[in-house]
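**Student:** Let me give you the structure first, and then I'll get to my questions.
The values are calculated or read from the model by the stated rules, or taken from the named source; none is laboratory data. Source: prediction; values computed, not measured. Because the Cβ atoms are built from the backbone with ideal geometry, glycine has one as well, and the counts that use them run over all protein chains shown.
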Amino acid sequence: MHQKLQQAFQFYQQGKRQQAEQIGRNVLAHYPRHPDALHLMGMLEKDRGSLEQACQLFQRGLKSAPGHVHLLNSIGLVESQLGEFSKAEAHFRKAMKIDPGYIHARHHLANLFDSQRKYSKAKYLYHQVLKQQPKFVEGLAALSSILEKEHQLVEARSFANRALEINPDHFVARITLANIAARDKSFNVVIELLIPLMQSQQLSPVNYAVACGKCAYAYEQLGDYRTAFSFYQDANQVLQQAYQLQFQNLESLYAPSSIRCIDNAIPNFDFSYQTGEIRSPVFMIGFPRSGTTLLDQILSSHSHITVLEEKENLLDAYTRYPATREGLSELENASDAELKKLRQMYWNNIDQEINTNKSTPIIVDKLPLNAIALLHIIKLFPGAKIIIALRDPRDSVFSCYQQRFGMSQAMFQFLNLNTAVTYYDQVMNVIAKIRDVNVLPMHFVRYEEVVGNFTDEVKALISFMDLEWEDALLDYQTTAKSRSISTPSALQVIQPLYTSSIGKWKHYREWIGMSFGPLDKWVEEWGYQKEDRQ
């Protein structure tokens, strides 16, 4: 039996999944509770993407062998993918306690903390891994990546180079060195580091797109806009093909069909709301790449403001009342008791991130596409203040096209210029219609004005929030350097204000063609200058 399973695992490692599965099934036919056979079958289900089924198989194996460290490690990995982070952490820790020398559980727990941006905990564990195995390349590369994010560039470079001595083509290590080179404005080095990886044909679609996007940015900085555009286009086409089936017809708040439902509901929506004091955050919304991260760092420098990480804190509300005709009708007629319950669920979500009882007086919930959830916000938090970040629509949309976001249904729209433009139009229609019914206090902040007239713009924003000016607002870069920033603007906001991103879309006018035509009305609406198309 042991020899058969050993052979099955060898088949699995060689990619001979069918042969491995046949042996596993034969073993389970005679020994239904065999932990190693259940482990093998669980890994096969995991590879197919059947995570729930894999989890069940691992759990059955652990009933027979509670101290099986490989099963504990594997179920932790699946739970991480399912978002069951506390369960995953418990299983990794149990494996480490049973076998302190089991490096994989320690490394995967570090990865879990890394993914949650708990960098101190992740670094501690990565260092422990490297004490056990100084040449563990995944640990070296992961540590280099965190150190680069924390602006510890000398150490980051050292760990990345150590990783490349072991594996010259390690993706994370090369990306880290490319990020450092970009900081140093050594854009030819970025290209030299990443082009060989892309040509290897060994990268996953996501990693290929990340490398492609960084090369595109390097070519852009070198002034070769034609090549830059071709790289942006290539990256997006690869991602679009990879995610087409997953997102094309998915129903969610962010689906274009959902936004149409919201848009259609606004004209006849009953905006009357209950009176009385309701504790409310300030919501910061807009279209992605419109300056919300910059505003986040500025506001976070004020002693009376806490800006939340970008999370779907309203998830319970728009899950309960989806963006369908029926769901929005139920939202419109929701009882006070139901709204009170959802309000409490919202604050419970916030309490998982910060202690709202001990936090600063004003909490800003920053999530740009909460613009789509304005009807939910109105019902839950009537009278809540809304900060709307604006940027030239053409720069905003093209910047979305350039970025490598974590993929979602909204971000999927940005992989094509035409769908990105349509999405901008839909989101802004919702914002403009809510503005016109005048049911929420709104303050519009234009990115270009913040860059060009910082003090006056920020004073006006602080006044809108009923706060006094503080000189710390001028030193927002120090705030940014001390925080973990998860958006693509992380490096930009630690730099002095610059104007090079204003009008950047013009460099690509030749290849954008007529795609931006539908943005003309928003260019005019938000007070930007139209330009004749050639």
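**Student:** Please list, ordered by residue number, the helices (runs of 4 or more DSSP H) wholly in the range 281-352 having 1 or more residues that are farther than 30 Å from Tyr528 by Cα and under 20 Å from the mean Cα position of the chain (by Cα). Before you say what the answer is, go through the steps one by one.
**Tutor:** Values: elements: 292-300, 315-320, 325-332, 336-351.
Result: 315-320, 336-351.
**Student:** Which of the residues spanning the range 173-218 are within 25 Å of the chain's Cα centre (by Cα) and hydroxyl-bearing (Ser, Thr, Tyr)?
**Tutor:** Residues satisfying the conditions are Thr176, Ser204, Tyr208, Tyr217.
**Student:** Consider only pairs whose beta carbons are under 6 Å apart and that are at least six residues apart or on different chains; among these, list those whose first residue lies in the range 119-146 and is small (Gly, Ala, Ser) and whose second residue is surrounded by fewer than 24 Cβ atoms within 10 Å (Cβ to Cβ) and not in a helix (DSSP H, G or I).
**Tutor:** Hits for this filter: Ala141/His170.
**Student:** Only residues in the range 209-234 that are closer than 13 Å to Tyr508 by Cβ and touching a residue at least 12 places away in the same chain (Cβ under 8 Å) count as the first member; pair them with residues that are aliphatic (A, V, I, L, M) and surrounded by fewer than 17 Cβ atoms within 10 Å (Cβ to Cβ), Cβ under 9 angstrom, at least 6 apart or cross-chain, and list the lot.
**Tutor:** Going by the 9 Å Cβ cut-off, the qualifying pairs are Ala228/Leu222.
**Student:** Can you name the residue in the range 381-439 that is among the aromatic types (Phe, Trp, Tyr) and either within 29 Å of Asn207 (Cα to Cα) or part of a strand (DSSP E or B) (or both) and is also nearest to the chain's Cα centre (by Cα) among such residues? Let's see the steps before the verdict.
**Tutor:** So the first thing to find is which residues in the range 381-439 are among the aromatic types (Phe, Trp, Tyr), and the list is 381, 398, 401, 405, 412, 414, 423-424.
Imposing the further condition that a residue be either within 29 Å of Asn207 (Cα to Cα) or part of a strand (DSSP E or B) (or both) reduces the set to 398, 401, 405, 412, 414, 423-424.
Values: Phe398: 18, Tyr401: 15, Phe405: 6, Phe412: 13, Phe414: 14, Tyr423: 18, Tyr424: 19 Å.
Top of the filtered list is Phe405.
**Student:** Among the numbered conditions (1) under 30 Å from the mean Cα position of the chain (by Cα); (2) buried (at least 22 other Cβ atoms within 10 Å of the Cβ); (3) over 21 Å from Tyr126 (Cβ atoms), tell me where Lys46 comes up short.
**Tutor:** (2)
**Student:** Still on this structure, please answer the following. Quick test for you: out of Arg279, Arg226, Arg289, pick the one residue that is surrounded by fewer than 23 Cβ atoms within 10 Å (Cβ to Cβ), out of contact with any strand residue (DSSP E or B) (no Cβ under 6 Å at 6 or more places or on another chain) and modelled with pLDDT under 95. Walk me through how you get there before you give the answer.
**Tutor:** On the way: Arg226 fails: modelled with pLDDT under 95; Arg289 fails: surrounded by fewer than 23 Cβ atoms within 10 Å (Cβ to Cβ).
Going through Arg279, Arg226, Arg289 in turn, the sole match is Arg279.
**Student:** Based on what the data block shows, is Asp351 within 20 Å of Arg117 (Cβ to Cβ) and buried (at least 21 other Cβ atoms within 10 Å of the Cβ)?
**Tutor:** On the way: within 20 Å of Arg117 (Cβ to Cβ): yes; buried (at least 21 other Cβ atoms within 10 Å of the Cβ): no.
Here the answer is no, as Asp351 does not meet what is asked.
**Student:** Now a separate question. Condition first: surrounded by 15 or more Cβ atoms within 10 Å (Cβ to Cβ) and within 11 Å of Val129 (Cα to Cα). Now tell me which residues in the range 89-106 satisfy that.
**Tutor:** Passing the criteria: Tyr102, Ile103, His104, Ala105, Arg106.
**Student:** How do the pairs read when you match residues in the range 235-254 that are without any contact (Cβ under 8 Å) to a residue 60 or more places away in the chain and surrounded by 15 or more Cβ atoms within 10 Å (Cβ to Cβ) with residues anywhere that are aliphatic (A, V, I, L, M) and part of a helix (DSSP H, G or I), using Cβ under 6 Å and keeping only pairs 6 or more apart or on different chains?
**Tutor:** Correct list of pairs: Val238/Ala209.
**Student:** From the list Gln403, Gln413, Gln426, exactly one residue is surrounded by 16 or more Cβ atoms within 10 Å (Cβ to Cβ), more than 23 Å from Ser501 (Cβ to Cβ) and not hydrophobic (A, V, I, L, M, F, W, C). Which is it?
**Tutor:** Numbers: Gln403 fails: more than 23 Å from Ser501 (Cβ to Cβ); Gln413 fails: more than 23 Å from Ser501 (Cβ to Cβ).
Only one candidate qualifies: Gln426.
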